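Peer 1: I'd like to ask some things about the structure below.
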């Protein structure tokens, strides 16, 4: 069984996203530990990339700050290695196909296994092209996590049937970022997913308030939050871990409510 299953064993999961190296690796490590201390079920780590097509301005800014600060894929693997000395919850990477290609797929995915990364999310990888990476992921026991979007329509059950780890259900069209309201008919998408998938489903994109997190977790198996956390880090810099911890605590309470 995938290690990611542990994130969903104690009820609804809260999954925070952080961009590695924003503003520096030490702050990222401290924020991850605060997230875990305050009840996060699984950690999503973004590997900085110069052209993050799925990201809105908040996470784009974090990518640029991290790259400017000298973040590299090797340094991100070093960060994970250091975190794994005491962080036991599942961790996954959110990055782009080009990052994996340029590093070398076999080298990248074997490094995921060796450092303790349980899965990877590649938002620019179409379902039809996942064969580029899935055999290597299977070889090293790293879950290739599928995304399902409101536009997936007649492909939902097909994607869900083959999904590993968990399904990342994208709440809304467009890029990441805080949204005042999420209006997609997610209940009907979750129903189709549940009929076909053998793994949990968590909803991300646009979630920022405890009310939204509670609403999304009541529809699915958990809520994923990125931009709202990245905003806190942008505001407080190296002082951010304490504030990130407080925010995560409020969100965990909301999803478990």
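The values are calculated or read from the model by the stated rules, or taken from the named source; none is laboratory data. Predicted, not measured: the structure shown is a model, and the values here were computed from it. So basically every Cβ, Gly included, is an ideal-geometry build from the backbone, and we count neighbours across all protein chains shown.
Peer 1: Among residues belonging to the stretch 1-19 that are modelled with pLDDT under 95 and surrounded by 17 or more Cβ atoms within 10 Å (Cβ to Cβ), point out the one that is nearest to residue 62 (Cα to Cα).
Peer 2: Applying the filter and picking the extreme gives 3.
Peer 1: Out of (1) touching a strand residue (DSSP E or B) at 6+ places or on another chain (Cβ under 6 Å); (2) buried (at least 23 other Cβ atoms within 10 Å of the Cβ), the odd one out for residue 22 is which?
Peer 2: Checking residue 22 against (1) touching a strand residue (DSSP E or B) at 6+ places or on another chain (Cβ under 6 Å); (2) buried (at least 23 other Cβ atoms within 10 Å of the Cβ), the one that fails is (1).
Peer 1: Another question, then. Could you say which residue among 179, 155, 161 is more than 18 Å from residue 19 (Cα to Cα), modelled with pLDDT under 95 and touching a helix residue (DSSP H, G or I) at 6+ places or on another chain (Cβ under 7 Å)? Show your work before the answer.
Peer 2: Details: 179 fails: touching a helix residue (DSSP H, G or I) at 6+ places or on another chain (Cβ under 7 Å); 161 fails: modelled with pLDDT under 95.
The unique qualifying residue is 155.
Peer 1: Can you tell me which of 114, 86 is over 17 Å from the mean Cα position of the chain (by Cα), modelled with pLDDT of 95 or more and not in a helix (DSSP H, G or I)? Let's see the steps before the verdict.
Peer 2: On the way: 114 fails: not in a helix (DSSP H, G or I).
None of the others qualify; the one that does is 86.
Peer 1: For the condition touching a residue at least 12 places away in the same chain (Cβ under 8 Å), under 15 Å from the mean Cα position of the chain (by Cα) and surrounded by 19 or more Cβ atoms within 10 Å (Cβ to Cβ), what is the one hit in 245, 206? It would help to see each step written out before you state the result.
Peer 2: Details: 245 fails: under 15 Å from the mean Cα position of the chain (by Cα).
Result of the check over 245, 206: 206.
Peer 1: Sticking with this one: Are any residues in the stretch 216-242 free of Cβ contacts under 8 Å to residues at least 40 places away in the same chain and touching a strand residue (DSSP E or B) at 6+ places or on another chain (Cβ under 8 Å), and if so, which ones?
Peer 2: Result: 219, single match.
Peer 1: Does residue 199 fit the bill of being buried (at least 17 other Cβ atoms within 10 Å of the Cβ), assigned to a loop (DSSP other than H, G, I, E, B), within 18 Å of the chain's Cα centre (by Cα) and at pLDDT below 95? Break it down into steps so the answer makes sense when it comes.
Peer 2: On the way: buried (at least 17 other Cβ atoms within 10 Å of the Cβ): yes; assigned to a loop (DSSP other than H, G, I, E, B): yes; within 18 Å of the chain's Cα centre (by Cα): yes; at pLDDT below 95: no.
No, not satisfied.
Yes/no per residue for (1) closer than 24 Å to residue 167 by Cα; (2) modelled with pLDDT of 95 or more:
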position	(1), (2)
47	yes, yes
54	yes, no
61	no, no
98	yes, no
109	yes, yes
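Peer 1: Could you please let me know if residue 75 is within 24 Å of residue 232 (Cα to Cα), without any contact (Cβ under 8 Å) to a residue 60 or more places away in the chain and either in contact with a strand residue (DSSP E or B) (Cβ under 6 Å, 6 or more places away or on another chain) or surrounded by fewer than 21 Cβ atoms within 10 Å (Cβ to Cβ) (or both)? Break it down stepwise before answering.
Peer 2: Details: within 24 Å of residue 232 (Cα to Cα): yes; without any contact (Cβ under 8 Å) to a residue 60 or more places away in the chain: yes; either in contact with a strand residue (DSSP E or B) (Cβ under 6 Å, 6 or more places away or on another chain) or surrounded by fewer than 21 Cβ atoms within 10 Å (Cβ to Cβ) (or both): yes.
When the stated conditions are applied, residue 75 passes them.
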